[in-house]
Amino acid sequence: MVEIDRSEITPEHLYLSRRRFIKGLGLAAAGAALQACARAPTATSAPTGAPAPMATAAAPAATPQAAEDTAPLPTLSAEADELGDELTTLPAIGSYTNYYEFTFSKEGVGALTTDFETAPWSVEVGGLVKSPKTYSMQALLGFTQQERIYRMRCVEGWSMVIPWIGFPLAELLAEVEPTAEAQYVRFEAPYRPDQMPNQNSDQLPWPYIEGLRLDEAMHDLTILATGLYGRPLLPQNGAPIRLVVPWKYGFKSIKSVVKIELVTEMPISLWMNQAPREYGFYANVNPDVPHPRWSQATERRIGESGRRKTLLFNSYEEEVASLYEGLDLAEWY
Ligand SMILES: Nc1nc2c(c(=O)[nH]1)N[C@H]1C(S)=C(S)[C@@H](COP(=O)(O)O)O[C@H]1N2
Ligand SMILES: [Mo]
């Protein structure tokens, strides 16, 4: 199991709930709940002009397995990200998670997902589009799956390097054809109190909602992830499909997406609803803009001791800075 500093502050929800540690629960239950429908991702070569952070997969096999399996992991396109940082281990990615529909604890989330039905699954895509469509998981896996090694920085001050499998959200949006009025994209996760225990509490305004500006959603770095380490996503990491927006704080990367809607107005996310001054719409990673209750200058990389400097736009500045010309980054967006 991953070594976690038990004293780590969890400011994101400190005011919501006292930390509850669920000890002795492994990943076996989560593994058993894995959906088995994912196809092996196909190999793909990098599109011309692809941004530097993109790593391209050599067709890893998406074999559903419990995370604690000793079976060798599929071959990945790289053992480090393009900055030379090591990948976070699969057990660490699967055992240290934020999935508040299940618990406010980061550990033991997998064991609470046994009732969570991730198959069959569909994602309803509609709103201001010419061709609304409900996608089955099989249809979503029909988009060419690529490997993307991204850094993930939680607003609480910890980070990981994750080899995702997925495809650009832009490809799906192009298929449904947003109309000229569409300016934002709104994402919704399930509301299933019978399957997601924490939804029986009203400490957060369920369901989990997130949003992006249309140009952010169309950016090549923005993906819908269906797996990681060459395997289908574990429930605790957002099975069967989640958003990943690597230059924003982790809470923007909504897990287990069931609905995608093109809209004219800025969507109000769950976190904007809960604490608008603390978790804004943009939530771009920025070491110079402190959260109202803590600094964002440094972060703790899971698996490392000590802290490292947080980078502007989580190091994706070259790729995304142009999206924010004219926007005051000195404010907490
Ligand atoms: N539906 C849903 N999506 C979610 C969350 C959540 O609680 N529910 N937590 C967010 C937060 S705060 C973070 S940091 C990332 C964590 O992703 P990981 O647990 O796979 O590392 O997921 C985000 N997506
Ligand atoms: Mo987070």
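The values are calculated or read from the model by the stated rules, or taken from the named source; none is laboratory data. Please read these numbers as outputs of a predicted model, since none were measured by experiment. Because the Cβ atoms are built from the backbone with ideal geometry, glycine has one as well, and the counts that use them run over all protein chains shown. SASA here: full protein model, heavy atoms, side chains in, ligands and nucleic acids out. Shrake-Rupley method; radii C 1.70, N 1.55, O 1.52, S 1.80 Å.
Structure values in brief
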item: Any hit, segment 187-208, residues being closer than 19 Å to Tyr324 by Cα and aliphatic (A, V, I, L, M); result: no
item: Met160 within 16 Å of ligand 2 (Cβ to nearest atom), under 30 Å from Glu299 (Cα atoms) and open to solvent by 10 Å² or more (accessible area, probe 1.4 Å); result: no
item: Segment 81-95: number of residues that are closer than 12 Å to Leu234 by Cβ and touching a Phe, Trp or Tyr at 6+ places or on another chain (Cβ under 8 Å); result: 2
item: All positions within segment 296-316 that are open to solvent by 30 Å² or more (accessible area, probe 1.4 Å), out of contact with any strand residue (DSSP E or B) (no Cβ under 8 Å at 6 or more places or on another chain) and in contact (Cβ under 8 Å) with a residue 24 or more places away in the chain; result: Leu311, Leu312
item: Test for Glu319: is it within 18 Å of Ala80 (Cβ to Cβ) and of a type in the set (Asp, Glu); result: no
item: Matching entry among Thr134, Thr144 (being more than 16 Å from ligand 1 (Cβ to nearest atom), in contact with an Asp or Glu (Cβ under 6 Å, 6 or more places away or on another chain) and closer than 28 Å to Tyr229 by Cα); result: Thr134
item: Selected residue (only one of Tyr184, Tyr249 is among the hydroxyl-bearing types (Ser, Thr, Tyr) and within 16 Å of ligand 1 (Cβ to nearest atom)); result: Tyr249
item: Some residue of segment 259-272 being surrounded by fewer than 16 Cβ atoms within 10 Å (Cβ to Cβ) and within 16 Å of ligand 1 (Cβ to nearest atom); result: yes
item: Unmet requirement for Leu233, which otherwise passes all of (1) touching a residue at least 24 places away in the same chain (Cβ under 8 Å); (2) under 20 Å from Tyr100 (Cβ atoms); result: (1)
item: The lone exception for Leu140 - which of (1) of a type outside the set (Asp, Glu); (2) open to solvent by less than 10 Å² (accessible area, probe 1.4 Å); (3) outside any strand (DSSP E or B); (4) over 30 Å from Ala180 (Cα atoms) it fails; result: (4)
